[in-house]
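The values are calculated or read from the model by the stated rules, or taken from the named source; none is laboratory data. This is a predicted model, so every value here is computed, not measured. All Cβ positions, glycine included, derive from the backbone under ideal geometry; neighbour counts span all protein chains shown. These accessible areas exclude ligands, DNA and RNA; they are computed on the full protein's heavy atoms, side chains included. Shrake-Rupley method; radii C 1.70, N 1.55, O 1.52, S 1.80 Å.
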Amino acid sequence: MPTAVITGANRGLGLEFARVYLAAGWTVHAGCRNPMRADELKKLKGDLHIHALNVDDPKDAKALAKSLGSEPIDLLLNNAGIYGKRDLKVGGFDHDEFLNVLKTNVVAPIRLAEALVENVAHSTMKKMAFVTSRMGSIAMNAGGSIAYRTSKAALNMAVSCLSMDVKSRGITCILLHPGWVKTDMGGPNAAIGIPESIAGMKQVIDKTGHDDTGKFYDYQGQAIPW
Ligand SMILES: NC(=O)c1ccc[n+]([C@@H]2O[C@H](COP(=O)([O-])OP(=O)(O)OC[C@H]3O[C@@H](n4cnc5c(N)ncnc54)[C@H](OP(=O)(O)O)[C@@H]3O)[C@@H](O)[C@H]2O)c1
């Protein structure tokens, strides 16, 4: 059966990704900042391996790569992300906060892709999926949330570049918008529940072929304008 690495797997979308891939019989390497407190994750049944992975910490990415060794990774699912303070406005900007959001949402997923590229290249499926957001679409911009929007727009560009760099190795990279989902980040008034979002994104990942590399889809498989 295939193997996935999932970041931010202790709650929200990442936890459900882990549950669904384990239920499908996959081996799942689940990353979370604090395994001691990942109670929901630990309850999941299946071939689950939990790793301490603060995606902001280069040492953790190296340690994960070392512990995986030459194990093929069919799917690297870069899911962990932060929104940052919601009230960043020109004139009252918190620049450190802006940098933190960029670090977690842009630098970290690309660093992990670099760390695990050989594992993905030596797998059968050879896929990397990055959870982004429609809020990173410049074409659909409605303003506000500058740090978050900028980080997801930057992630989109970074993954577009990455997809070109690794195309010749047969690796497919896609960007996924999960919908507006009822998680801690999405809040209780969000449009859809976690299972609907994850079932949709899993279907998109399943259907994705090498021709889709570098594309930006929502959880229903609709292309999103850049
Ligand atoms: N929910 C939505 O409506 C929505 C919409 C569009 C895009 N997204 C994207 O979907 C992804 C998942 O979001 P969510 O809704 O599930 O959010 P969430 O409920 O806030 O969960 C975020 C997850 O990311 C982890 N994380 C954050 N920073 C991390 C770090 N430095 N190292 C390791 N893990 C870290 C969190 O771990 P801790 O528990 O340790 O904090 C948590 O597991 C994010 O990339 C988000 O931007 C969500």
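Things to note:
- Secondary structure note: in segment 69-226, about 5% of the DSSP beta bridges are antiparallel.
- Residue order for 74, 87, 211 - accessible surface, 1.4 angstrom probe, largest first: 211, 87, 74
- Charged neighbours of residue 61, selected by a Cβ distance under 9 Å, balance to 0 (K, R count +1; D, E count -1).
- Mean residue ellipticity, 222 nm, helices only, the chain: the sum of -39500 (n - 2.57) across DSSP H runs of n ≥ 4, divided by residue count and rounded to 500, is -11500 deg cm²/dmol.
- For residue 64, the solvent-accessible surface computed with a 1.4 Å probe is close to 10 Å², ligands and nucleic acids excluded.
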